[in-house]
Amino acid sequence: MMNAPGLPLTISLVLARMAGVQDPVVTRAIERSTRLLRFYIGKGAIPYGDHHPRIETHEDNGKCGIAAVLFDLLGEAHGAEFFSRMSIASHGAERDGGHTGNYFNILWAVPGVARSGSHATGAWMKEFGGWYFDLALETWMVPSGGTGGSLRLTGRFAGKSL
């Protein structure tokens, strides 16, 4: 399985089953996906495919966050807890990376972190998420009117420099 697309597809199958879809093909697909993903519990972040666990960082493009959600939906506390803790440990420059940019890393950050409860979520938001999401939601970079492609901040952070 290619994990980056496989995780959201597996969640969609779990949600379909929860909504009443009863098909042995769906059940078998969920079982095969989760068997692969369980291998990474206690070992490291989920890589892109059937590879060694990623140990260089705590997160790999949001796959630990989405895995925490997946295992929570399945009622598998051990997997949900491990991947949620990996999401909590991922902050700073580690969250800014990703194969296609940081979109999926940020998209699945809070849902993954939230599986560890409100205190953990609050601590993570205070340490990293709060300012990051403020910056992303309330700041836009616009051309400054000068030459050389310089930019200026607008919104709540107008007049401040990065």
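Going residue by residue through the stretch 55-62, is there one that turns out to be without any contact (Cβ under 8 Å) to a residue 60 or more places away in the chain and under 17 Å from Ile11 (Cα atoms)?
yes
Of the residues Glu81, Glu94, Glu76, Glu31, which is charged (D, E, K, R) and under 22 Å from Trp131 (Cβ atoms)?
Selected residue: Glu94, the only one of Glu81, Glu94, Glu76, Glu31 that is charged (D, E, K, R) and under 22 Å from Trp131 (Cβ atoms).
Has the stretch 125-132 got any residue that is within 26 Å of Met18 (Cβ to Cβ) and modelled with pLDDT of 80 or more?
no
Please go through the stretch 1-20 and pick out each residue that is crowded, with 17+ Cβ neighbours inside 10 Å, over 16 Å from Ala80 (Cα atoms), under 15 Å from the mean Cα position of the chain (by Cα) and not polar (S, T, N, Q).
Ala4, Gly6
I need the full set of residues from the stretch 75-97 which are surrounded by fewer than 18 Cβ atoms within 10 Å (Cβ to Cβ), assigned to a loop (DSSP other than H, G, I, E, B) and of a type outside the set (Asp, Glu), in order please.
Residues satisfying the conditions are Gly75, Gly97.
Quickly run through the stretch 98-107 and pick out the residues that are at pLDDT 80 or above and not in a helix (DSSP H, G or I).
Result: Asn102, single match.
For the stretch 28-46, which residues satisfy the criterion of being touching a residue at least 40 places away in the same chain (Cβ under 8 Å), not hydrophobic (A, V, I, L, M, F, W, C) and not in a loop (DSSP other than H, G, I, E, B)?
Thr34, Arg38
Can you give me the number of residues within the stretch 55-86 that are modelled with pLDDT under 95 and among the hydroxyl-bearing types (Ser, Thr, Tyr)?
Qualifying residue count, the stretch 55-86: 1.
The values are calculated or read from the model by the stated rules, or taken from the named source; none is laboratory data. Values in this document were obtained by computation on a predicted structure and should not be read as measured data. Methodologically, a virtual Cβ is constructed for each residue, glycine included, from the backbone with ideal geometry; neighbour enumeration extends over all protein chains shown.
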